[in-house]
Number of protein chains: 2
Amino acid sequence: MYGFEYTTPTKVFFGPGTEEKVGQILREYGASRVLIHYGSGSCVRSGLLDRVIASVEDAGLWCCQLGGVVPNPHLGKVREGIDLGKRERIDFILAIGGGSVIDSAKAIAYGLAEPDLDVWELFEKKRKAKAILPVASILTISASGSETSNSCVITNEETGEKRSYNDNIARPAFAIMDPELTMTLPDYQTQSGCADIMMHTLERYFTRSGSMELTDAIAEGLLRTVMKHALILREDPSNYDSRAEVMWAGSLSHNGLTGCGNDGGDFACHGLEHELGGMFDVTHGAGLTALWPTWARYVYRDCLPRFVRFARNVMDIAPGASEEETALAGIDALEAFFRQIGMPVTLKELGIDPSEEEILKMAASCARANGGRKGSARVLFEEDMAEIYRRAR
Amino acid sequence: MYGFEYTTPTKVFFGPGTEEKVGQILREYGASRVLIHYGSGSCVRSGLLDRVIASVEDAGLWCCQLGGVVPNPHLGKVREGIDLGKRERIDFILAIGGGSVIDSAKAIAYGLAEPDLDVWELFEKKRKAKAILPVASILTISASGSETSNSCVITNEETGEKRSYNDNIARPAFAIMDPELTMTLPDYQTQSGCADIMMHTLERYFTRSGSMELTDAIAEGLLRTVMKHALILREDPSNYDSRAEVMWAGSLSHNGLTGCGNDGGDFACHGLEHELGGMFDVTHGAGLTALWPTWARYVYRDCLPRFVRFARNVMDIAPGASEEETALAGIDALEAFFRQIGMPVTLKELGIDPSEEEILKMAASCARANGGRKGSARVLFEEDMAEIYRRAR
């Protein structure tokens, strides 16, 4: 088992109605002037925003709002939030939404804690953040795990670059997780979320590191649990227990737990997907499933024992004539599962058809963003990245 | 799935040699005057204490030491630590050891943060703590999980009462976990630790709550992992990977993760064991295994689906003619496993033979300490507690 550092300070309040006490919790965390950040307005239409404002004001706190965060959240909105936050002397940011809104809130929080910072420099890896304003969320989409993770992904809409910046100081103060708030999500969003959750564990699972048996047991249990409940939610989107299992899995899948003892994980699919997201604005989970089968068939020979283990313990594949056969059957089975939950497994199914020029541009950008190489199951270079995009079409 | 709150702020530094940087880490956490707290002196003999002092002093921090913590740590030592800490204006406590030393450190930290507090009042549940000094540990025994948990168990050696006080403010600032430091433990200590680790998850597992599938998958994976590596460590105590799996399991087993979504867990065996520990000063893990089989056979009918699930998913029992038969086979199998790792499964094997009078005294004390009732798999009253002690003899 490799050595590791593990820190998950975010306090989780999980269960129905937990959002009602958000004002009181914010006060316990020392908030006084709160920016409430949200997305497309579904929390306006559902009345959730009003309930949150009432709870915040009942607790004697001041708040203002900034909505309009889009999937693959934009740097422009982040800058708008920073300007607003400075003007209103905000000391706490509360995100209502999923990963896009929480990530946008984190980026604004970096900008407010260091007023002279050009926040995009963090995502360009030109410097590290020195501080961040406290952030918390009321989660309405189970997917990104951003509610407890250290990660933040922002798209510069002017350049088409989607970039991540991970820093433990960005782990939120608290997360309010009420599974009932996710019941009205469209099936495609629910399933994209399940795919994203699975991918956060898969990226940590397919490595060439040594033994990490407890971590593997947790990872495999998490994957099986999400797969089971993703299927239930296709038929019964209001199933509370399934919504709860998926929501809790989303947090555990990306807070670091499913990677303790590995070599840092692979994350090549995430790197490749970020280029798709930046160039074509696709749904993150769907972008990941559109790439995964191709990626897996491209790399599995270099990481055969893990692909065999995955096939046996997660996909319940009987051992084949050879390890290769078992591994490939496991990949086929996950591909079939992705199809079963309505996710694309090729770029065409994702609705995009990148030209050779676009593929070369994405591969170059992905390589540049990752210091020329990405991956652990197999280390990918620029030409590998281009080839995976090609084969995924 | 029940609602829950979950907070595990302790930062984990896991891996070989992590203790060398303890001074620098303490400084990052704002420590300046550190009380180094330890037990029987094995850390003196091994040279660990000297290395830690060197690291602390190299970081420019002042420190003093207080050793002599015993298993089932004494209130007297806690009071001695509080006196020393006040005199030396200590602002951080570093425990080197296992659960006894860390718990003693936590109790001292409560006393130093509230100078007018009689710390035993916390354990008598007469009041809640308002504050605590920061605590951290260098873990040398995998067992209690106290390195990341909110719990603290102290024995009042004058009255023979062993009492717990759980409070999230007592979660340590950081935990340094180097599996190599546990390699020289005697087998009995290693196996008692494995038993304790398993029990922390079993106490959360045997409840009559609703669905908690991800939590169950994690719990079952943890139990299987610990059982496997406990057996390896009987033969090969220097096996790094096994030491690492057990050490990490120890933290995850008692930080709350394996109970997320349950009804709070059962913990009757812990309640019953605390009386044994207070009266007879037994090793905690061994006291637990000496009670568990009797407890399980006393309660399983009231919690049958969980005992069947345990038999199938953890003990790998084929389904019997009836659910009762499957459940009992699972209990038999865990009892056999405890024997296999050298743990007692009766009070006689634990080396004690309580009189009827002592049994009634322990049952009365256990009932009193727990508001008259304890348990979830089956709620136990004073007469049930006495009967379990009797049958366990």
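The values are calculated or read from the model by the stated rules, or taken from the named source; none is laboratory data. Bear in mind that the values here come from a model prediction, so they are computed numbers and not experimental data. Cβ atoms come from the backbone with ideal geometry, glycine included; neighbour counts cover every protein chain shown.
Brief remarks on what is shown
- Verdict on B:Ser192 being crowded, with 24+ Cβ neighbours inside 10 Å, over 26 Å from B:Asn166 (Cα atoms) and of a type in the set (S, T, N, Q): no
- Filter pass, A:Gly111 being free of Cβ contacts under 8 Å to residues at least 60 places away in the same chain, away from chain B (no Cβ under 14 Å) and within 24 Å of A:Lys128 (Cβ to Cβ): yes
- Total residues in region B:289-305, condition touching a helix residue (DSSP H, G or I) at 6+ places or on another chain (Cβ under 7 Å) and touching a residue at least 24 places away in the same chain (Cβ under 8 Å): 11
- Test: residue in region A:41-54 that is over 25 Å from B:Gly3 (Cβ atoms), in contact with a Gly (Cβ under 8 Å, 6 or more places away or on another chain) and surrounded by fewer than 22 Cβ atoms within 10 Å (Cβ to Cβ): yes
- Answer residue from region B:343-393, given it is over 19 Å from B:Asp266 (Cα atoms) and of a type in the set (S, T, N, Q) and is surrounded by the fewest Cβ atoms within 10 Å (Cβ to Cβ) among those: B:Ser355
- When B:Ala286, B:Ala244, B:Ala268, B:Ala327 are checked against the criterion of being crowded, with 20+ Cβ neighbours inside 10 Å, within 14 Å of chain A (Cβ to nearest Cβ), out of contact with any His (no Cβ under 8 Å at 6 or more places or on another chain) and on the phi < 0 side of the Ramachandran plot, B:Ala244 stands alone in meeting it.
- Filter result (in a helix (DSSP H, G or I) and crowded, with 23+ Cβ neighbours inside 10 Å) within region A:164-189: A:Ala170, A:Pro179, A:Leu181, A:Thr182
- Yes/no for B:Leu223 being surrounded by fewer than 24 Cβ atoms within 10 Å (Cβ to Cβ) and either away from chain A (no Cβ under 14 Å) or in a helix (DSSP H, G or I) (or both): no
- Within region B:104-157, the set of residues being of a type in the set (D, E, K, R) and touching a strand residue (DSSP E or B) at 6+ places or on another chain (Cβ under 6 Å) comprises B:Lys106, B:Glu147, B:Glu157.
- Any hit, region A:299-308, residues being out of contact with any Asp or Glu (no Cβ under 6 Å at 6 or more places or on another chain), surrounded by 23 or more Cβ atoms within 10 Å (Cβ to Cβ) and not hydrophobic (A, V, I, L, M, F, W, C): yes
- Only one entry of A:Leu133, A:Leu84, A:Leu112 meets the criterion of being of a type outside the set (Lys, Arg) and under 30 Å from A:Ala244 (Cα atoms), and that entry is A:Leu133.
- Sole exception among (1) at pLDDT 95 or above; (2) touching a Ser or Thr at 6+ places or on another chain (Cβ under 6 Å) for A:Ile132, by number: (2)
- Cβ-Cβ distances below 6 Å connect the following pairs, each with a first residue in region A:266-288 that is under 21 Å from A:Arg204 (Cβ atoms), a second residue that is surrounded by 24 or more Cβ atoms within 10 Å (Cβ to Cβ) and hydroxyl-bearing (Ser, Thr, Tyr), and a separation of six or more residues or different chains: A:Gly285/A:Ser192; A:Ala286/A:Ser192.
- Scan region A:4-52 for residues that are within 12 Å of chain B (Cβ to nearest Cβ), hydrophobic (A, V, I, L, M, F, W, C) and under 22 Å from A:Asp91 (Cα atoms) and the total you get is 3.
- Scanning region A:311-346 for residues that are assigned to a helix (DSSP H, G or I) and touching a residue at least 60 places away in the same chain (Cβ under 8 Å) yields A:Asn313, A:Phe337, A:Phe338, A:Gln340.
- Residue within region A:198-216 that is within 11 Å of chain B (Cβ to nearest Cβ), basic (Lys, Arg) and in contact (Cβ under 8 Å) with a residue 40 or more places away in the chain present: no
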